[in-house]
Amino acid sequence: MNPLTNCLCILVVVAVVFSLSYSETPAMCPGLNGRDGRDGANGPKGDPGVHGEPGIPGERGNTGPPGKVGPKGNPGEKGNTGDTGLAGNKGAKGEIGVGLPGGQGQKGEKGSPDVESIKKTVDLESRIVSLEKKVFWLKNVLLFHGGKQVGDKVFVTTGGEENFDNAQKTCREAGGRLTAPRNAAENSAIEEIIRTKGNGKKAFLGITDSEVEGTFKYSTGQTITFQNWNPGEPNNNKNIEDCAEMISNGKWNDMPCNEQRLVICEFE
Ligand code: GN1
Ligand code: CA
Ligand code: CA
């Protein structure tokens, strides 16, 4: 007999024995304990159970990434007036303005008489009168001595002859200048001095074209405004004539500055 058949025979025997042990009540000898029975059918569904106590919360997770920028909100209400700010730094100095002149002030009250001031004024007035007298008689001396007056200007000769530079120096040292007629009346006065006090000698005039050939000027630098040239003059003869002279008929000629001529000065 093979092993499978043998096993089946054992199972049959066991099953018969088991069956006999439950079908009759043997009183004579107790059998061995039987095996556990099979499970019964599933029972009805039970009532839901009661919730238990809440568990301990877990640890907080990591902070998530920032969300997208939301849409711009509406403008808020106007805020309250802020506190007064601190004073700013001092500004730069402004440009000088152009103001209109102010009106004339009111006349001040009459001051009290200053005795010293009155004394000084009286003294000055007497000195002015004295000087006027001196000027008057000195001018008369000049005129008495052959000088000539035209307006406020007085013409007088030294009677001597000098070159142009020295003649000019002589007149300046006396407080005048080498004569230079500005009009016909003055020209006549000089002509008269030449005849009456200079024996008809030619006299220098304070007029030259040393700076610009052909342009005659006074010693002040001003171009002449009156002229009385002899016909054909000025001719700058031999190209060496830069000074003006007056001849006995009152006419003018240009001639060399280094020659000697009568000195006639004018004072005003
Ligand atoms: C001539 O001739 P007189 O001496 O008067 C000249 C002048 C010269 C001068 C120089 C018409 O004058 O221009 O300045 O000699 N007159 C003529 O001494 O040529
Ligand atoms: Ca000349
Ligand atoms: Ca000449």
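Where a number appears in this text, it was derived from the coordinates with a stated rule and is not lab data. This is a predicted model, so every value here is computed, not measured. Positions of Cβ are generated from backbone atoms using ideal geometry, with glycine treated the same way; all protein chains shown enter the neighbour counts.
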In nm, spacing of pseudo-spin labels at Glu259 and Glu173 (7 Å Cα→C-beta vector) | 2.5 nm
Amide H neighbours of Thr208 at under 5 Å, excluding residues fewer than 5 places away on the same chain, with H built from the backbone geometry, are Lys217
Would you mind checking which residues have amide H under 5 Å from Ala203's amide H? H placed 1.01 Å from N; only 5 or more apart, or other chain.
-> Met246, Leu262
Low-density loop GluC sites (Glu not before Pro), the stretch 158-239, at most 16 other Cβ within 10 Å, DSSP non-H/G/I/E/B, are Glu213
Against the rule of thumb 2.2 N^0.38 Å, how large the Cα Rg of the stretch 191-268 comes out | 1.05
Which pairs, out of Lys153/Lys202; Lys120/Lys148; Lys169/Lys217, put more than 25 Å between their alpha-carbon atoms?
-> Lys120/Lys148
HN-Hα J couplings of the stretch 211-228 from phi, Karplus 6.51/-1.76/1.60, θ = phi - 60°, integer Hz, Gly and Pro as x?
-> 6, 10, 3, x, 10, 8, 10, 6, 5, 6, x, 7, 5, 4, 10, 9, 8, 9
Step through the residues of the stretch 145-150 one at a time and calculate ³J(HN,Hα) from phi using the Karplus curve (6.51 cos²θ - 1.76 cosθ + 1.60, θ = phi - 60°), rounding each to whole Hz and writing x for Gly and Pro.
-> 8, x, x, 10, 10, 10
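Seen from all sides and averaged, what is the projected area of the convex hull of the Cα atoms in the stretch 97-231, in nm²?
Directional mean of the projected Cα hull area for the stretch 97-231 stands at 16.6 nm².
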Leu100 to Leu142: FRET efficiency via 1/(1 + (r/R0)^6), r the Cβ-Cβ distance, R0 51 Å, to the nearest 0.05?
-> 0.45
Label-point separation, Lys68 to Thr220 (7 Å along Cα→Cβ), nm = 9.6 nm
Sparsely packed trypsin sites (Lys or Arg not before Pro) within the stretch 108-197, loop by DSSP, other Cβ within 10 Å at most 12 | Lys110
Once amide hydrogens are built 1.01 Å from N within the peptide plane, the residues lying 5 or more places from Thr158 or on another chain with amide H under 5 Å from its amide H are Val263, Cys265
What FRET efficiency would be calculated for the residue pair Glu116, Gln149, taking the C-beta separation as r and a Förster radius of 51 Å, to the nearest 0.05?
-> 0.80
